[in-house]
1. Can you go through L132, L89 and tell me which one is farther than 22 Å from I195 by Cα and either within 16 Å of ligand 3 (Cβ to nearest atom) or modelled with pLDDT under 95 (or both)?
2. Just give me the residues in region 176-217 being of a type in the set (V, I, T) and within 13 Å of ligand 3 (Cβ to nearest atom), in sequence order.
3. Might you let me know whether region 102-111 holds any residue that is touching a residue at least 40 places away in the same chain (Cβ under 8 Å), of a type in the set (K, R) and within 16 Å of ligand 2 (Cβ to nearest atom)?
4. Which condition number in (1) closer than 17 Å to A60 by Cα; (2) out of contact with any strand residue (DSSP E or B) (no Cβ under 8 Å at 6 or more places or on another chain); (3) aliphatic (A, V, I, L, M) is the one that L146 fails?
5. Just to confirm my filter: which strands (runs of 3 or more DSSP E) fall fully inside region 37-119 and include at least 2 residues that are surrounded by 15 or more Cβ atoms within 10 Å (Cβ to Cβ) and in contact with a Phe, Trp or Tyr (Cβ under 7 Å, 6 or more places away or on another chain)?
6. Just give me the residues in region 241-261 being away from ligand 3 (no atom under 16 Å from the Cβ), touching a residue at least 12 places away in the same chain (Cβ under 8 Å) and within 19 Å of K223 (Cβ to Cβ), in sequence order.
7. Select from region 187-206 the residues that are within 15 Å of ligand 1 (Cβ to nearest atom) and either out of contact with any Cys (no Cβ under 9 Å at 6 or more places or on another chain) or among the basic types (K, R) (or both) and list them in ascending order.
Amino acid sequence: KRRGRNLAHLYDEQDQDSSDFKASIRWVQTLNEAIVNDRMLLHFQPVVRCQSREVVYFEALVRLLIEDKLVYPGDFIPALERAEDINLLDHQVISKAICMMSRYPLLQKVAINLSAQAFDDARLLPLVEEKLKQYGVAPNRIIFELTESASLSNLDASRQMMQQLKQLGCEFSIDDFGTGFSTFSYLKRIPADSIKIDGSFVREMHLNPIDHALVKSICEVAKVLGKRSVAEFVEDEKTLIELQALGVDYAQGYYICWPMDIEALQAHYGS
Ligand code: C2E
Ligand code: MG
Ligand code: MG
Ligand code: MG
């Protein structure tokens, strides 16, 4: 598909595209098996208010359980995106997250990651509406994080879908802001409520003045635009204090809490 439409390509064992293709097909099969066997899991990581450190929401992060080992999204999401089968994953994550929100009161508000391809997917909006209704979950309990790895292929259609999800009452956040395709021009084009500053700027901001300046600037831009700023990859107290000083609204990272399954999360928060 990537080479263009109406083209046949001879399969070649040595060819990079062919071996990527085989790997992608394997991941699609693996994902299907994991879904059927209830081996697609969600872990949750809290996002806290920098000033008070109280939890504002939890981000859902997908994992597959394969031969009793947890497999992380970095291993399978690129392959699913290449196979253009990432929608299957997004649908499953949305269904599961909303179902869990109806069962676990701790999950008052949840952020769900979406791939860029989600916005070309006509079934996404009806699915979200259906699941919210089925499980009696209010739309304003959902934040969609736009995970950017490829530019949105059809910006007008994407924006329309985002407007519809926003009209429903869901929130939007631009994930990994400052890297890849999620640049300043995105802020003009996407109706986001918050900006998640990429962890690569946050992690070493107390050591690196350039990182510090970038985090500060993104936070200021967010303020001017009336959007909330979120810092990911907060790995120590020093960083959290600096973020507080800069006026960053929310923080997330291993220092605050690791992503955990719902049982561990409930034990951690004593509910
Ligand atoms: P992301 O949305 O930017 O999520 C943050 C990633 O950083 C997560 O990795 C999280 O476990 C990790 N992380 C959290 N705190 C820290 C920290 O303090 N330091 C460091 N170094 N890392 C930290 P994970 O779970 O492996 O997810 C990787 C990416 O996969 C996510 O990045 C997101 O883009 C994507 N992803 C995860 N779940 C889903 C999903 O359900 N659907 C889609 N489409 N993408 C997903
Ligand atoms: Mg995210
Ligand atoms: Mg992120
Ligand atoms: Mg990231």
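The values are calculated or read from the model by the stated rules, or taken from the named source; none is laboratory data. Note that the structure is predicted; figures quoted are calculated from it, not measured. Cβ atoms come from the backbone with ideal geometry, glycine included; neighbour counts cover every protein chain shown.
1. Working: L132 fails: either within 16 Å of ligand 3 (Cβ to nearest atom) or modelled with pLDDT under 95 (or both).
Among L132, L89, only L89 is farther than 22 Å from I195 by Cα and either within 16 Å of ligand 3 (Cβ to nearest atom) or modelled with pLDDT under 95 (or both).
2. Taking region 176-217 as the starting set, the residues that turn out to be of a type in the set (V, I, T) are 179, 183, 190, 195, 197, 202, 210, 215.
Correct list: T179, I195, I197, V202.
3. As a first pass, look at region 102-111 and keep what is touching a residue at least 40 places away in the same chain (Cβ under 8 Å): 104-111.
Then keep just the ones that are of a type in the set (K, R); that gives 109.
In the following step, the residues that additionally are within 16 Å of ligand 2 (Cβ to nearest atom) were identified as 109.
Looking through region 102-111, at least one residue is touching a residue at least 40 places away in the same chain (Cβ under 8 Å), of a type in the set (K, R) and within 16 Å of ligand 2 (Cβ to nearest atom).
4. (2)
5. Details: elements: 40-49, 55-66, 69-71, 110-115.
Those strands (runs of 3 or more DSSP E) span 40-49, 55-66, 110-115.
6. Filtering region 241-261 for residues away from ligand 3 (no atom under 16 Å from the Cβ) gives 241-242, 244-247, 260-261.
Next cut, touching a residue at least 12 places away in the same chain (Cβ under 8 Å) only: 242, 244, 246-247, 260-261.
Once the filter is applied, which keeps residues that are away from ligand 3 (no atom under 16 Å from the Cβ), touching a residue at least 12 places away in the same chain (Cβ under 8 Å) and within 19 Å of K223 (Cβ to Cβ), region 241-261 yields E242, Q244, L246, G247.
7. At the first step, the residues of region 187-206 found to be within 15 Å of ligand 1 (Cβ to nearest atom) are 192, 194-206.
Of everything in region 187-206, those that are within 15 Å of ligand 1 (Cβ to nearest atom) and either out of contact with any Cys (no Cβ under 9 Å at 6 or more places or on another chain) or among the basic types (K, R) (or both) turn out to be A192, S194, K196, D198, G199, S200, F201, V202, R203, E204, M205, H206.
Yes or no, residue by residue, for (1) within 20 Å of the chain's Cα centre (by Cα); (2) within 24 Å of R49 (Cβ to Cβ); (3) at pLDDT 95 or above:
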| residue | (1), (2), (3) |
| --- | --- |
| Q167 | no, no, yes |
| I174 | yes, yes, no |
| G178 | yes, yes, no |
| F201 | yes, yes, yes |
| P209 | no, no, yes |
